[in-house]
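Accompanying notes for the structure given below.
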Amino acid sequence: MRKPCHKQRPKKNSLPRLPAVRSRLHMHSEFDIQYALENTKVLHEPDRRIDTFGTTQFEFQLVTELMDEINQTRVRQGQIMAEKPLILRPDPESVANFDFDGFGPQGEAFGDFLKENLHRLAILKYGFKFKVGEMQEQVIHEPIEEVCGKLMEDIRISGNPMRAIISGVDDTWEICLLKFTVEMIEKSQKINLFDFKRRGLLG
């Protein structure tokens, strides 16, 4: 007997609590979000990464098992647009107000170092756009393992470099999609930073 793509939902007191979640996700409990994060798996990730100097259009197929039905699988299909990363730098005034009281000459020297190297202290801001109205979905009367297998076979044949196949949880599918975007940021960040440095944009 094949194992399902995600684990069975455990009792609510068996998982650690998450930190506070933004109000736009208030319809899901912290437990639901934790469960979705733990049971989201990217079965096939796009070959491409987030472009450094332009927008990137990813396709996704999100596969979930209907919670109270046997051998009923939902496939959501759509697109996510990743905007080009933006360089964020610390405010010079905030660095000037750093207080290193009690650290002696070392603290003062470190403050001077921060001011001189402020141009190197940069982080990247990422943004994504997703239109629910343009997403398509269908319910397939097959076990989730078989549906996942067919989608994986299709991507091997088509070779689409922008498509992701994701296995997740049906009633918190938005969280599953958000986890995918975070993983794409993690996989793209080093490349994006390298590109910015090569252009001389990070000092």
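The numbers here are math on the coordinates, done by the rules we state, and not lab data. Fair warning: this is a prediction, and the values are worked out from it, not measured in the lab.
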Mean 1/r over distinct Cα pairs of the range 130-189, inverted to a Kirkwood Rh in Å, yields 13.5 Å
Using the structure shown, list the pairs from LYS41/LYS190; LYS125/LYS197; LYS41/LYS179; LYS150/LYS187 with a Cα-Cα distance above 20 Å, or answer none. LYS41/LYS190; LYS150/LYS187
